[in-house]
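As structure tokens, the structure follows; a few thoughts come after it.
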Amino acid sequence: MSRPYDCIVIGAGSFGASAGMHLARAGARVLLLDMFHPPHKRGSHHGDTRIFRTAYTMGSAYVRLAERARAGWLRLEEDARRCFGLTSDAANRMASTDEQPERCKLFLPTGVISVGEAYSNALDKKEASCAANGVPYERWDEREAQRRLPALCVPTQAQVLYEPEGGVLFSERIIEANLRLAEAYGAEWKPNHPVQRIAAVGNAVEVWSGNERFAASKVLVTTGAWLPRLLPSLCLPVRAERRTVAWFEDTSGSYAAERFPAFIVHQSADSEYYGLPSVCGSGIKAGHHQLGQTWDPDEEVAPFGSCSGEERLLSEFAAQHFPEAGRCIRGAACMYEMTPSEQFIIDRHPGEPAIWFAGGGSGHGFKFASAIGDTVSRWMLHGKREPELEAFSLVCARLNT
């Protein structure tokens, strides 16, 4: 067994890579373990990009955390540029010219629109959240929406809520940046190290991975859909679900990120589409938040198109709302880690005070990862839970089940 670490982070994806980087930057001796090699296709970060927004209706804790996350994404991008020049080898190659500067970014401000029926519950709740929490926004009627975004087909009597400070996060680049920065700050990073057991032994916590055994003063478990398996005594209400996204040709250039925002389209209380503009010719991205299949996380995620009708569903949505978009050029399937209420679960183990855990991203967790990594790392190092995390306790999760 190696000499003890200050902190071991198990699961180096959305929350774990961020927490590991923040712990290492604070001077802790950190070990990061993951059963795969993030970024990878089995993680909730798969699919290139994520929406960032702050107009949340799930409570002010989410708004505060999102505002803190935005500052975190900007700092992460700055730190990655300072330490490495850019975020990846691909970005370095692109940066040799002045073309396509988006390749060099982790966060791309584009704004975000939410489309819904005039005075719909969804838009009214978002507007109320913005007003209550000081989030900049604009409310457009159908005519103003068509003037601002002529390539968007706004349904009759629909309205739009626009968040100018929203944008696009490059999820897989962000994972790489966090892991590279963690190593630069002195963390050890061991991919392809599945963990079989965690146990408190004396004043330490021991972690078994294959024939290797590691020890630390504190452990953070951020294994997504595998969280209940590593902490079985907690009976955490987290399950895996498969979701799909597709990209469509931007034949006219009308949906390019420099002129078109990320978007959410509310069709009903249980039917919500989302998507992102075309970045560097990627095509316009679209997905459905609710539709998917329960999945065994140990099984490979079935590729896009494996389930009947999923390409047709997204193609029909794109044709309805983005008339200048072309054919479907590719698709992807990823795995959500869902909780019944879609609330996160972030807490300290009630029976093992040296173990923390964070999960339940539920398809919207990535945008908060910079803030979650920061706040959880501070809790672990200083012993005090910050107010932003109180709404995500295990007690709250069980009440919401």
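Yes/no matrix, rows are residues, columns are (1) in a strand (DSSP E or B); (2) buried (at least 20 other Cβ atoms within 10 Å of the Cβ); (3) free of Cβ contacts under 8 Å to residues at least 12 places away in the same chain:
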{"residue": "I113", "(1), (2), (3)": "yes, yes, no"}
{"residue": "G116", "(1), (2), (3)": "yes, yes, no"}
{"residue": "Y119", "(1), (2), (3)": "no, no, no"}
{"residue": "D124", "(1), (2), (3)": "no, no, yes"}
{"residue": "C130", "(1), (2), (3)": "no, yes, no"}
{"residue": "V135", "(1), (2), (3)": "no, yes, no"}
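Can you confirm whether R259 is of a type outside the set (S, T, Y) and not in a strand (DSSP E or B)? Yes; evaluated as a whole, the condition is true for this residue.
Contact map, region 335-356: first residue among the charged types (D, E, K, R), second residue surrounded by fewer than 23 Cβ atoms within 10 Å (Cβ to Cβ) and assigned to a loop (DSSP other than H, G, I, E, B), Cβ cut-off under 6 Å, separation 6 or more or different chains; pairs are E342/S362; D347/S393. Of the candidates L381, L313, the single residue that is in contact with a Lys or Arg (Cβ under 9 Å, 6 or more places away or on another chain) and surrounded by fewer than 20 Cβ atoms within 10 Å (Cβ to Cβ) is L381.
Scanning region 22-53 for residues that are in a loop (DSSP other than H, G, I, E, B), open to solvent by less than 40 Å² (accessible area, probe 1.4 Å) and either touching a Gly at 6+ places or on another chain (Cβ under 7 Å) or of a type in the set (K, R) (or both) gives D34, P38, R42, G43, H45, R53.
Considering region 207-244, and only residues there that are β-branched (V, I, T) and open to solvent by 10 Å² or more (accessible area, probe 1.4 Å), the residue that is farthest from D298 (Cα to Cα) turns out to be T244.
Whether any residue in region 286-295 is in a loop (DSSP other than H, G, I, E, B), farther than 25 Å from F52 by Cα, of a type outside the set (K, R) and in contact (Cβ under 8 Å) with a residue 24 or more places away in the chain is what I want to check. Scanning region 286-295, I find at least one residue that is in a loop (DSSP other than H, G, I, E, B), farther than 25 Å from F52 by Cα, of a type outside the set (K, R) and in contact (Cβ under 8 Å) with a residue 24 or more places away in the chain, so the answer is yes.
Out of curiosity, is A204 open to solvent by less than 10 Å² (accessible area, probe 1.4 Å) and either aromatic (F, W, Y) or over 17 Å from the mean Cα position of the chain (by Cα) (or both)? For A204, the condition - open to solvent by less than 10 Å² (accessible area, probe 1.4 Å) and either aromatic (F, W, Y) or over 17 Å from the mean Cα position of the chain (by Cα) (or both) - is not met.
The condition of being of a type in the set (D, E, K, R), at pLDDT 95 or above and in a loop (DSSP other than H, G, I, E, B) holds for E165.
For region 182-201, the set of residues classified as part of a loop (DSSP other than H, G, I, E, B) and either among the hydroxyl-bearing types (S, T, Y) or open to solvent by less than 40 Å² (accessible area, probe 1.4 Å) (or both) consists of Y185, A187, P191, H193, V195, listed by residue number. If you go through region 279-288 and pick out every residue that is touching a Lys or Arg at 6+ places or on another chain (Cβ under 8 Å) and open to solvent by less than 20 Å² (accessible area, probe 1.4 Å), you end up with 3. Among the residues of region 9-21, are any under 19 Å from E188 (Cα atoms), in a helix (DSSP H, G or I), small (G, A, S) and open to solvent by 10 Å² or more (accessible area, probe 1.4 Å)? Yes, there is a match, as at least one residue in region 9-21 is under 19 Å from E188 (Cα atoms), in a helix (DSSP H, G or I), small (G, A, S) and open to solvent by 10 Å² or more (accessible area, probe 1.4 Å). When G305 is tested against the conditions (1) in contact with a helix residue (DSSP H, G or I) (Cβ under 7 Å, 6 or more places away or on another chain); (2) surrounded by fewer than 20 Cβ atoms within 10 Å (Cβ to Cβ); (3) under 28 Å from I8 (Cβ atoms); (4) not hydrophobic (A, V, I, L, M, F, W, C), the lone failure is (3).
With respect to (1) part of a loop (DSSP other than H, G, I, E, B); (2) in contact with a strand residue (DSSP E or B) (Cβ under 9 Å, 6 or more places away or on another chain); (3) open to solvent by 50 Å² or more (accessible area, probe 1.4 Å), the lone exception for C153 is condition (2).
The values are calculated or read from the model by the stated rules, or taken from the named source; none is laboratory data. Everything quoted here is computed from the prediction, not taken from an experiment. Glycine gets a Cβ as well: all are built from the backbone with ideal geometry, and neighbour counts include every protein chain shown. Just so you know, the surface numbers come from the protein's heavy atoms only, side chains and all, with ligands and any DNA or RNA stripped out. Shrake-Rupley method; radii C 1.70, N 1.55, O 1.52, S 1.80 Å.
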